[in-house]
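This report refers to the structure that appears directly beneath it.
What follows draws every value from the coordinates through simple rules; no lab data is involved. Only a predicted model underlies this, so the values are computations on that prediction, with no experimental measurement involved. Don't worry about glycine lacking a Cβ; one is built from the backbone with ideal geometry, like all the others, and counts go over all protein chains shown.
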Amino acid sequence: MGKVRSLLIKSIIPVAIVIVSIWGIGAYGSQSQPQEGDQKHADVIMIDMLKAFGKLERPGVEFLHDNHTKALEKTKKDCAACHLTEKDRLSLKFLRLKDDSKKQVMELYHSRCIECHKQIASAGEKAGPVECGGCHKEKPGVISIRQPMGFDKSLHFRHTKAHENKCETCHHEYDEKTKKLFHAKEKEGSCRYCHKEVTEENRISDRLASHIACIDCHRKTIAAGKKAGPFQCSGCHDPEQQAMIEKVKDVPRIKRNQPDAVLIKTSKDPIQPEARMNFTPFDHKAHEGYMDTCRVCHHEDLNACNKCHTLTGTKESKGVTLDRSMHQANAVESCKGCHDLKKADVKCAGCHSFIDRTIKEEHACLKCHIKPLQQTTEPIPKSEEPLMAKALLDSRSPVTAPFSEQMLKDIPEKVVIKALAQQYEPAEFPHRKIAQTLLKNIGDNKLAGNFHPDQMTICQGCHHNSPVSIKPPKCQSCHNKPFNENNPLAPGLLGAYHQQCMGCHKAMGMEKPVGCMECHKEKK
Amino acid sequence: MSLTRRRFLGWIGAAGASTVLGRNADASSTVHFKGYPDSFAILHDISLCVGCRACETACNKVNELPPPDLPFKDLTVLNQKRRTTAKTFTVVNRFENEKNPKQPIFVKKQCNHCLEPACASACFVKAFKKTPEGAVSYDHSVCVGCRYCMVACPFEIPAYEYDNAFSPRVMKCTMCHPRLLEGKLPGCVEACPKEAISFGKRREILNIARERIKKHPERYIDHIYGETEMGGTSWMYITGAPFSQLGMREDLGITPAPELTSGALGAVPIVVGLWPVLLTGIYAISQRKEKVSAEEQALAVAEAVEKSEAAAKQKLTGELEKARKDAQKDKDSAIKQAVKKALDEAASVKQEASDV
Amino acid sequence: MSEKTLSVNKSLLTPFNIFAGVVLVIGAVITVLRFTKGLAAVTNLSDNNPWGLWIGFDLLCGVSLAAGGFVTSAAVYIFGMKRYHSAVRPAILTGFLGYALVVFALNYDVGRPWRLPYPFIVQSGTTSLLFEVGACVALYLTVLFIEFTPAAMEWLGLKKARNIVVRLTMLLTIFGVVLSTLHQSSLGALYLIAPSKLHPLWYSTYLPVYFFVSSIIAGLSMVLFESTLSHHYFEDKMDQTHLNENTGVTLGFGKAASLVLAGYFTIKIIGLAISNNWHYLTTGYGAWFLFELLGFVALPCFLYAVGVRDKNVKLIRWTALLTVLGIVLNRLNISLIAFNWQLPSSERYFPHWMEIMVSVFIVVVGILVFRFIVTKMPILYEHPDYKDTH
């Protein structure tokens, strides 16, 4: 009996150990995600540059920069406590200018961080960890909510005002020959045109450049006693703080000697008769106002599009031809792509969510490729192109509200839909009011105004697939019984009504009418 | 229990006959059933559904189901996720729209009328049939109530009348098959005001779905749910949000359910044919072994007996010989003694006579 | 014998009898409820959980544990191991009663039990593995019944009939093994159709093979377990042959069980490797799977082997109990615990107390019938009239 018992014990214990250890591993592995309620920080810097020297022995350290700047404030220390100066600018590295070796960097961090923490702790204040695991956490304990930061027109204006329009304060170019930075007047562009994601030889990354330029300047300005932007991480990168950045309304136009109107030539040939498509006038001044940054369209540099996007494409344009760059759907840099995105606006989506993205009407091209005012065979001198462009732009007649008196008489005030009224009463709706509202939604919007051929284009939002007319065909002409084999994509009458009306209301974000009873009451 | 040749042949014959009598089971087929030609299908455009529950109302009316606990106009039921029950062939559920929290997504759920239904494959009285019209119909007059169909259905659709003691039925959407035969539309299809459910021949429905996705790539995910899932269904779905967020499993695979069990079923006739042979063989071998060991044992016993008999015989003859010799010796010595005694007696008598 | 019957009459109010009586009464009440108010009144079955304890325990466990019949009769008659002969009748009886109770329990679970013959006489769904199960179980029950009748006939004195039936033994045994292979494996194959509902660690294309092999293990262990109980409660009914052969049976079956368990463990690991689902082992379900595999397959394999080596009959008997529990655990895992694992816990199934009661009721009925037969008929002993006819 004793033999059996000892045998059972001997066999059960290993089994139990195996089970418990596997369970433990499983439980251990499954909790690698930070839980809800963990700290959300915008200033998390991951200290793991040692991975450039080989595989990391311990996980990287989640360093909360703002905590440290705040702590330094208390002790009246400044950035120099951790950042060395190099060429009158602060090095972004911790207490060093370059990474020499794994040992050097590691020992630097360990000795200085832990020493400082110990000092503060001995002074009785709250300090950082001193044991290995306190910094090198196995499980991520913080969630980074850092949002990228950028300039928009408003912020740029605040800076130009503060620096009295001295562009050279921030904008520079690099001279290969003299190996020096210099200011190229009226050639200023976004920092990102040169400073990319990664530091290249002789060109620092966008991240380094912006911190060196921005934070350094802010720091110095504040030290001089003047008002400046933030130098804490969260000041720029915390989404809440970003929302609090003051926005200037009606930013005056940036002065860079940019054109007001541009004539986009579709070929190298003069206008007629060799060129295939009419040249397109482009209202550059107006478009400057529509965007928050120049970068939206000028995505690589601040030059004319056809510098890279030639008719046949170049290496710089990655093969994207002029035509593609102007018409590419879903690309915000292209004209048509951006216009398509604007159609998703709540004021427009009611009709435009139904309308096909592909251009069908021939006259749509002519909205941009405007017919020339005069037929000439002479090539246009370059100096006259802007004038020609302006003339073409002025020749347009955008649609405006309101309807004329005659139109208002022709448009029925109320429409009663009696068809299919079985369970519900006929649906009455304010037809004229809807038409007027849609026209009013165009408002000052030049895009809508110029692209809708005339006021009655509005009607075609609902009265579709038929020529524009005061007396459009009844819906029942095309929509009758559902699931017609000859016209499988057209809904039946019930579906057509509900999809059109409810679809438009949904796309325009209307809160009523939405339910069944709000359009038609139930029959008693 | 000995195995005669006649008996052995008889058993083999019986085994062979039983294999022949079995039905053919196509275990591994590379042909997928694409549905009867001209069978109907239904497309549910989830982006159009507004959760008005008109379909539920119509279904309840057409199938003469008992009235619901809460009226169909009560949209608070959408706060919970529901499944089909014995009284509801179809339900509409509401899901969060991550892209646009103000506009939730509504999905109608009902039997998907698979091309190769799991329920029909699982039913051991063939109560489910895939009709040429596309509907998977249920015959309650043969149903035993084993509920294997409910286990088999990957979409968790069939429901059971557990509270009925005498005639419980499996309840699920019938695609209004009787109405289809009359040329009418299914109740829900007819009732939907948004035409979020389109009806037509399966290949047409697929075309419509593909067209819609092509026309509005920003509105739909490029996948028609039900085109290939579980071998294809007659009820298909297109939507803008991922299907897994809408309570529709994306891990079901494309293998039709009958193929999952056809391998096991295919093994049955093989077992029936092969096992008797194997077992009879083992029996024969074990019998033979026994026989051989019995023979060997008998041989060994016989030898041992013979040996001991011979030894005994030899011993006996030896003993007899010895006894005879001993007896002879005794006899001789006795005779000698008697002769000596006689001679002595004669000598003494002579002495006596000479004395006188 | 007469003194024994007298003593039985005297002590009818034994604790077990009282318990059994209570169970029978409650069971009868629940039966009436089930057939007048429907399944909803006595079960926790739902649309998401159509199969509950009655299928998971009464059907799956019942069928696997009744497998001792075909295993023992195959060992004795086909493999010619005559030294286990005394174990055949009890094994056949356990098997027959087991299958009879399975059919009995099925009548409770199925919605319209009077239609149970429909698949054979009205319309056959031959694409269904359930048809396979039903047909083979029905046929096998018949086989077991016929195999059992000699004992009854001996008791009733029907000599001629008994001799005819005994001559059929070989045929019945082969037929029984064929049918057992088919339905034991098909019970596992039932779950092949629901890969989306059964946890990947338990779901495998080899489910039919697993079920068949584990049924052999169940049969061997159940014979040992039943023999342990019989020796405890019915020793006076056993004849000398039975008592003499007992140790041999225990050691021999223990050896066989150890071997088959080792094979079963191996094919389970192979199945894991083929489906490449190792990562599930680190989850909660994985721990439960390992608990079943290591504690109820690997451990009994080891213990059986040790028991056989040391000729430790007691260890083998306890291991048999452990193995029986392991088989029950495996069947319950596949039918109830790992089934519908993807549902949220609010929608999972736990049996109603009445379902548990009915299962207890069925087991008690089985024990009572077993007791009746074993005390009256020549199961644990050879009838004096037929002593030399084996």
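Quick notes
- For chain C, the equivalent ellipsoid built from the Cα gyration tensor has semi-axes of 34, 26, 21 Å, listed from largest to smallest.
- q = 0.28 Å⁻¹, the stretch B:131-180: log10 I(q)/I(0) [Debye, one scatterer per Cα]: -1.19
- Counted over the protein assembly as shown, the DSSP beta bridges are approximately 85% antiparallel.
- Cα-based shape type of chain A, given that a ≥ b ≥ c are square roots of the gyration tensor eigenvalues and the cut on a/c is 1.5: oblate
- Sorted by Cβ neighbour density within 10 Å, fewest at the top, the residues C:346, B:39, A:205: C:346, A:205, B:39
- Neighbourhood net charge (14 Å Cβ-Cβ; Lys/Arg +1, Asp/Glu -1) for residue C:122: +2
- Rounded to 10°, Cα long-axis angle of helix B:202-215 versus longest principal axis of chain B: 60 degrees
- Charge sum, other residues only, whose C-beta stays under 15 Å from residue B:338's C-beta, Lys/Arg counted +1 and Asp/Glu -1: +1
- For residue B:240, distant residues with modelled amide H under 5 Å away: B:47, B:221
- Residues whose placed amide H lies under 5 Å from that of residue B:235, excluding near-sequence neighbours: B:42
- For the residue pairs B:34/B:129; A:185/A:249; A:481/A:512; C:255/C:314, the C-alpha atoms sit more than 18 angstrom apart in A:185/A:249; A:481/A:512.
- Per-residue mean of C-beta atoms belonging to partner chains within 10 Å, peptide B:192-200: 6
- Look at the stretch C:184-192: the mean tally of other chain Cβ atoms within 10 Å of its residues' Cβ atoms is 4.
- Local charge for residue C:188 was computed over the other residues whose Cβ lies under 12 Å away, with Lys and Arg +1 and Asp and Glu -1, and equals 0.
- Evaluating 6.51 cos²θ - 1.76 cosθ + 1.60 at θ = phi - 60° for every residue in the stretch C:49-54, the Karplus couplings come out as 10, x, 10, x, 5, 5 Hz, glycine and proline recorded as x.
- Footprinting exposure proxy ranking of C:55, A:355, fewest other C-beta atoms within 10 angstrom first, gives A:355, C:55.
- Once C-alpha pairs closer than 8 Å and six or more residues apart are averaged by separation and normalised to the residue number of the stretch A:366-436, the relative contact order reads 24 percent.
- Pair residue C:309, residue A:104: separation of 7 Å Cα→Cβ label points (nm): 6.4 nm
- Other-chain or far-sequence residues with amide H under 5 Å of residue A:427's (modelled H): A:417
- For the segment C:118-126, counting C-beta atoms of other chains within 10 Å of every residue's C-beta and taking the mean gives 6.
- Relative contact order for chain B, counting Cα pairs under 8 Å that sit 6 or more residues apart, in percent: 22 percent
- Listed residue pairs exceeding 20 Å between alpha carbons, taken from A:187/A:247; A:418/B:73; A:196/A:227; B:61/B:172: A:187/A:247; A:418/B:73; A:196/A:227
- Protection proxy ranking of A:153-165, C:79-91 - average other beta-carbon atoms within 10 Å, highest first: C:79-91, A:153-165
- Across the stretch A:466-479, computed HN-Hα scalar couplings (Karplus, 6.51 cos²θ - 1.76 cosθ + 1.60, θ = phi - 60°) run 8, x, 5, 7, 5, 10, x, x, 5, 4, 5, 4, 10, 9 Hz from first to last residue, x flagging Gly and Pro.
- Helical mean residue ellipticity (222 nm; -39500 (n - 2.57) per DSSP H run of 4+; nearest 500) of chain A: -9500 deg cm²/dmol
- Ranking of C:121, B:238, A:442 by neighbouring Cβ atoms within 10 Å, starting from the fewest: C:121, A:442, B:238.
- Take the Cα of residue A:244, step 7 Å toward its Cβ, do the same at residue A:86, and the gap between the two points is 3.3 nm.
- ³J(HN,Hα), Karplus 6.51/-1.76/1.60, whole Hz, each residue of the stretch C:331-340, x for Gly, Pro: 5, 5, 4, 5, 8, 10, 8, 8, 8, 6
- Inter-part distance where the stretch C:300-370 and the stretch C:57-119 are each reduced to a Cα centre, Å: 16 Å
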